[in-house]
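Inspection log for the structure reproduced underneath, given as structure tokens.
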Amino acid sequence: MPHTMKFSVFLCGLFLSGCALTSTAPNFNGLHNFDGSEAPVHINLTKVALHFGVVLPLIGDASLDGTVEEFTKAAKKAGADRVRIVQSDETTLWWIFPPFSFLFTPKFTNVAGDALTQPPTWCAQ
């Protein structure tokens, strides 16, 4: 890959860094949750960031902690008072442009789960 192309890819990544991409799926076609309550809102959130030295957030924070914080903000916005996280994944691209990426490391973290808006029916009295 030519150096100008690598630099272009890096600039694109830099401009996209520090963002959170959120998608929701509220339509469960009338189905209920496993506990009998109304179906939750499913949230899939991916954070993209540029970290310094692999671990320190530089532009954005794609650590698992930062992504879970963003996920819970999205759940509150959906009206939830509880969440159930069903999956998380961290991808650190330290190997993509060595040695440059050892210092400035692109990172993606995904958290997917349910925003629970109602108490479980077995707890309701």
Candidates per chymotrypsin sites (Phe, Trp or Tyr not before Pro) in region 11-108, loop by DSSP, up to 11 other Cβ within 10 Å: 34, 95
As computed over region 7-118, the Cα convex hull volume per residue (Å³): 98 Å³
Additional length obtainable on full extension of the chain from residue 85 to residue 65, 0.36 nm per residue less Cα span: 5.9 nm
Nearest-20 debye value, region 39-116 charge dipole, Cβ charges on Lys, Arg, Asp, Glu: 160 debye
Sites residue 73 and residue 19 - FRET efficiency at Förster radius 22 Å, r taken between beta-carbons, to 0.05: 0.95
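Every read-out reported here was derived from the displayed coordinates using simple, explicitly stated rules and does not represent laboratory data. Note that this is a predicted model, so its numbers are computed, not measured. No Cβ is skipped: glycine too gets one built from the backbone with ideal geometry, and neighbour counts run over all protein chains shown.
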